[in-house]
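Here the structure is laid out as structure tokens; the discussion comes afterwards.
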Amino acid sequence: MRKILLLSLLVPIFFACKSNKVLAQYENGKVTEKDLQELVDIFNLSSQAKSIQWKKQAARQLVVNELLSEKAKKEGMDKLPAAKTMKHYLRMYLIRMNTEKQWEDESLKGPFKLYKARHILRKVKYFKQVKQGGVEKSIRLSEAEKKAESKSVFEEVAKLREKIKSGQTTFEKAARELSEDPESKVKGGDLGHFPEGTMVPEFQRALYRLAGEVSYQKLYRVLSDQAKVLTKPEANATILLPLEEGFLLAVQDDATPFLKVAVKPNEIGYVKKALAKEETEKETKELSLPVKTMYGWHLIQLEKVENVARDKYIEYVAKEKFTNQPNAYKNAEQFVDQQIRRSAAFYKEKKENELMKKYGLKPSLMPKLPPQWEKATVLWEANGLKISGKEYLDYLKAQEAFAGTDFSSLKKNPAQYKKWAESNFQKYVELKIFEKEFGKSQNQEKLNRQVELSFKPYLARLYKIKFWYKDVKEASQAQIQKEYDELKQRAGKRPFPPMADVRDALKRRLENREKRNIDKVKEEALLRSVKFKLLDENFKS
């Protein structure tokens, strides 16, 4: 399924302006700096100026979309059922985009939640050195070897934790002697101050637990080769949060608080309690249990959590990272702004997860479509929101109309068709939820203008499909084979999929290439017909 990227539909303009110079003109029309600025403002785009060539391309594409959308309207294409459905889809998409932008803006204002922590990292090796033909080579460990290596490092870190708890050594001393994080090692494992969401999810979850921001009834450790992780709860089941391929940290009965942290697909599952061993040692308020991330096994010591203003955060960073350096404050300011933006993205994702949880959706457990889903009166329902099979089917048809695909051909393989429909269903449900929750609270004048502007490229695309691409020939088997051979040769020794797996994708690739060539020729002819002209002197910075 080809997903519509709204910003690529419009014009990827990242341009700010103060005057209203005419940048381009054509018969009965012109493009001004104000036109570009409207897109920047109304679609919440960045105001960072790009190259002059970028601005010229933006002005050119605006005119093409304007002319073709008018032609499409004369053909009645804006009245087609698929067009009306797509217009509604664009409205839902924009409601979500505006809401997420509002969330990010809220997060960027501050105050900012900062953690101050130390850690000890012991890396897990995934490669080993072997001699082959007298030459030493690095080869990847087998799955069994990786599990054994990870378990060995886990046990090493667990023993180190006991030494710290019993007072045989201090956290700082152990970090200096044993940590494999070179930057924090020399500072006794000190990570300084950092905002919520800037560490990897497993690390952030441990911070939540240490700070008492989430609680659990019991902790379990499960060897994944002993237990099958289930996607649905069964009798005597325990909700899990896996830490890595060999070990699972489980939370009895309710893992809901952990959804504050974004999770990856399949990161939450269930396992029968009989196969889970309860941990007798819990995390203390300051010292974590061993935590597994992509980097290895960690011990984490939380020192404090506080909410601070941006200036205070900059002071911390200037002292911790840029002491005795020229322009310390300026460098700290740049670093802080980067971290704040990362944290804002995390905050947005957390808000989304909380919203989806309200409707019973989880990132790892996507809704499944029943047999004959197209005919379902109620395909999905939650919190007063209903989606019928016909409504969702109309949406899929509208998407394929935009892509120029024969929808009926997709149904020739029922299993693949259902899988394709399911892969898009969660996204559609999410858009419906955003519309229900935030549609009425939007600035309706701005939203309507956004919809109209974003609908023009869609109409232009429909016009191209009907009139420009009608003579596009289906790629022949010989052309597909030639393309496959060239790509396979380019891949070299890297694994390459068999032809059967990529034939359809290669066919589309060749046909899209021909369409791009048609666009180039016909767009130039269209612009010449209206005497389009860029005013180069007005593009100067």
Checking Ser364, Ser388 in turn, the sole residue that is modelled with pLDDT under 85, surrounded by fewer than 19 Cβ atoms within 10 Å (Cβ to Cβ) and polar (S, T, N, Q) turns out to be Ser364
request  = Report whether or not Ala345 is among the small types (Gly, Ala, Ser), assigned to a helix (DSSP H, G or I), in contact with a helix residue (DSSP H, G or I) (Cβ under 8 Å, 6 or more places away or on another chain) and buried (at least 19 other Cβ atoms within 10 Å of the Cβ).
outcome  = no
Expected single match for over 30 Å from Asp337 (Cβ atoms) and part of a helix (DSSP H, G or I) among Leu108, Leu90 is Leu90
Checked pairs for the range 120-138, first among the β-branched types (Val, Ile, Thr), second part of a strand (DSSP E or B), C-beta under 7 Å and 6 or more apart or across chains, list as Ile120/His298; Ile120/Leu299; Val124/Gly296; Val124/Trp297; Val130/Lys137; Val130/Ile139
### Message
Based on this model, can you work out whether Phe496 counts as within 33 Å of the chain's Cα centre (by Cα), outside any helix (DSSP H, G or I) and hydrophobic (A, V, I, L, M, F, W, C)?
### Response
yes
Trp468 fails exactly one of (1) among the hydrophobic types (A, V, I, L, M, F, W, C); (2) within 33 Å of the chain's Cα centre (by Cα); (3) not assigned by TED's automatic domain parsing to the domain that holds Lys30, namely (2)
Exactly one of Glu104, Glu145 is touching a residue at least 12 places away in the same chain (Cβ under 8 Å), more than 25 Å from Leu289 (Cβ to Cβ) and acidic (Asp, Glu), and that residue is Glu104
More than 26 Å from Leu393 (Cβ to Cβ) and either surrounded by 11 or more Cβ atoms within 10 Å (Cβ to Cβ) or not assigned by TED's automatic domain parsing to the domain that holds Gln61 (or both): is that true of Lys540 in this structure? no
Filter the range 428-466 for residues that are in a helix (DSSP H, G or I) and free of Cβ contacts under 8 Å to residues at least 12 places away in the same chain; the one that is farthest from Asn65 (Cα to Cα) is Gln444
Result of the Cβ filter at 9 Å on the range 504-530, keeping first residues that are touching a residue at least 40 places away in the same chain (Cβ under 8 Å) and partners that are among the basic types (Lys, Arg) and assigned to a helix (DSSP H, G or I), at least 6 apart or interchain, is Lys515/Lys464; Ile518/Lys464; Asp519/Lys464; Lys522/Lys464; Glu523/Arg60; Leu527/Arg60
Query raised in the report: Would it be correct to say that Ser541 is hydroxyl-bearing (Ser, Thr, Tyr) and at pLDDT below 90?
Result: yes
Exception for Ser423 within (1) surrounded by 13 or more Cβ atoms within 10 Å (Cβ to Cβ); (2) in contact (Cβ under 8 Å) with a residue 60 or more places away in the chain falls at (1)
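Results for (1) modelled with pLDDT of 90 or more; (2) crowded, with 17+ Cβ neighbours inside 10 Å; (3) within 30 Å of Ala59 (Cα to Cα), shown as yes or no for each residue.
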{"position": "Lys411", "(1), (2), (3)": "no, no, no"}
{"position": "Ile465", "(1), (2), (3)": "yes, yes, yes"}
{"position": "Lys482", "(1), (2), (3)": "yes, no, no"}
{"position": "Gly492", "(1), (2), (3)": "no, no, no"}
{"position": "Asp501", "(1), (2), (3)": "no, no, no"}
Notebook entry, point to check: Mind checking whether some residue in the range 468-478 is surrounded by 11 or more Cβ atoms within 10 Å (Cβ to Cβ), in contact (Cβ under 8 Å) with a residue 40 or more places away in the chain and out of contact with any Asp or Glu (no Cβ under 7 Å at 6 or more places or on another chain)?
Noted result: yes
Selection over the range 167-193 where residues are small (Gly, Ala, Ser), assigned to a helix (DSSP H, G or I) and under 18 Å from Thr284 (Cβ atoms) yields a count of 2
Cβ pairs under 6 Å, 6+ apart or interchain, first in the range 173-186 and surrounded by 17 or more Cβ atoms within 10 Å (Cβ to Cβ), second polar (S, T, N, Q), ordered by first then second residue, are Lys185/Ser179
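The values are calculated or read from the model by the stated rules, or taken from the named source; none is laboratory data. Keep in mind that what you see is a predicted model, and the values were worked out from it rather than measured. With ideal geometry, Cβ positions are generated from the backbone for all residues, glycine too; neighbour counts draw on all protein chains shown.
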